[in-house]
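Shown next, in structure tokens, is the structure this report addresses.
Just so it is clear, none of the values below were taken in a lab; they were calculated from the coordinates. Keep in mind it's a predicted model, so treat the numbers as computed, not measured. Counting neighbours? That spans all protein chains shown, and the Cβs are built from the backbone with ideal geometry, glycine included.
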Amino acid sequence: MAGENSIFPERNTMKNRPFADWVWSLSTVAVCSVAAQLLSPYFSTIDQAMLYFIGVVITASRTGTGPTIATVVLSIAAFDFFFVPPRFTFAVSDSRYVVTFAVMFMVSYVISRLTLRIRRQADESLVREHQTAALYRMSRELLSERDTARLQEIASMHIGTTFDAEVRFTLLDRQGQLVFPAGGERIDGPDEKERAAAQWALDLHQPAGAHILNGPDAEATYVPLLTSRGPVGVLGVTWRIAKDDLEPAVTRFLEAFADQAAIAVERAELVDEAHHALRKVEAERFRNTLLSSISHDLRTPLTSVSGAASTLLADDSAIDPHSRRELLQTISEEAGRLTGMIRNVLDLTRLESGAFSVKKEWQSLEEIVGVVLRRLGGQLIGRKVDVRLPVDLPLIPCDGLLLEQVLSNLIENAVKYTPEGAPVDLTASETGSVVTIEVADHGPGIPPGDEDRIFEKFVRGRTAGGGVGLGLAICRSIIIAHGGCIWVENREGGGAAFRFTLPAEGSPSLPGPEEETGAPS
């Protein structure tokens, strides 16, 4: 609420307590008269007059103009009554004292005016300090926020507290029309008068409404929210305390708050537009890269399939059973490669679009590894997969199908980038509430500097034998969705080790007695 720290200058003066000011004026003159009387044995008449100047300065520093002028007049009258002969009368025996009174009045008046001016400047400086601090607090809080709704809440809170008012933002929609809120704290939905004032402020870029001389009248004061790209809306302020017309200084300060809020809203809109544009660019780049990669990587398996099928159809009687089997094997393998490429593209699209959900259940890592090895049996012919899992490895809360896909992609990646017959190591360990799984190979390793880049879309190793380059990107998306992380390091002696972590907090719930023995019949 408004108080001594209010931004309104008229509330910071002493005008709100006139009785105390006049009491202070009379008391000051009385104190100066007593002091002059006590010091009369040591002071001359002129010295006694100087004491009243001190009273004038003190009064001017604490009261308004009226009590200060009264102090000047009363000081001259008291000096005449108590100290100018004949004493205790207002008669003057020596005409030279008339000049003394005149000089005393002019000096006292000048001193009082200067003191009042200094005090007024100090009050104005204090008000400006409060205004700057309030504006800075709001600007600092707005600077760290990007959500438009949250920006309006922050600005409304600061403006309402500073101006002791209720605040409502009305922003423009995409068609440039004001979108009024459903209701306010004091106005149950803006009526035509409020709408007219808000539209007038928006069109003419000037404040309108209550306590504003120009424009239509309204219950609230409306200030346009102006930015470098044009207005973004209006700020409605409903004053809690009845006011006269707003002073220009208060109006300018309210406009400064509105400008800061408008800049924050514009910045949030620009961020949204930049993100939207970036998404469009990324989508276009993804589409172009995907088409380029697919058109290149699908050509080889399609050529092989087409050639083998054409050979089988051309002269079936001239092909011996062994050659026919090799051609059919080629068709099967290349078709499998095509299926894997299409599956990776569809999986990554589904992962990045958010069209999937991780369904965590308590799973046995040993069983998941067994399923993956059986599925990849044909690709692992002639290779040894050394699996080392701790006996006391706990169950892991994860989506079993997604974890199977991660392990499949990592093992296939190890097979693709290592010499024939090179073994693959699969290990796991538990540290605290985190399970770390490692798939390591004995190949050439990862080129220095590519440890992070290798997990990006369409990035393949330098010795790649085909593929779109999405397998590791899919692994990273799945692991991140589980709340873990994945990385790769080169092994000492050659080879790459892909490691990922999975959180394993909590423990699986044990079945109840009825679930173990069955419900009684």
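One decimal place: the segment Arg374-Arg128 gains 80.8 nm when fully extended, by the rule 0.36 nm per residue minus the C-alpha distance. As a calculated quantity, the FRET efficiency between Tyr42 and Phe81 at R0 = 25 Å, using C-beta atoms, amounts to about 0.75. I need the calculated FRET efficiency for the pair Gln329 and Asp452, taking r as the beta carbon distance and R₀ as 35 Å, to the nearest 0.05. Efficiency computed from Cβ-Cβ geometry: 0.35. Among Glu129, Glu412, Glu194, the order by Cβ neighbours within 10 angstrom, fewest to most, reads Glu129, Glu412, Glu194.
Placing a label point 7 Å from the Cα of Ile118 along the Cα-to-Cβ line, the residues of the stretch 40-65 whose backbone N sits under 19 Å from it are 50-65.
Using a simple spin-label model with pseudo-atoms 7 Å out from Cα toward Cβ, Leu204 and Ala149 lie 3.5 nm apart. A Cβ-based charge dipole, computed about the Cα centre of the stretch 145-273 with Lys and Arg at +1 and Asp and Glu at -1, lands at about 160 debye.
Between Cys485 and Val387, what length comes free when the chain is fully extended (0.36 nm per residue of separation minus the Cα-Cα distance, one decimal in nm)? Mind dumping the intermediate values first?
Numbers: separation 98, 0.36 × 98 = 35.28 nm, distance 2.14 nm.
In short, 33.1 nm is gained.
For the pair the stretch 375-452 / the stretch 65-135, the C-alpha centres are spaced 94 Å from each other. Here the gap between Val92 and Ala30, fully extended at 0.36 nm per residue and compared with their Cα-Cα distance, gives a gain of 20.2 nm. Look at the dipole of the stretch 16-125 built from charges on Cβ: of Leu116, Ile46, Val99, the Cα furthest out on the positive end belongs to Leu116.
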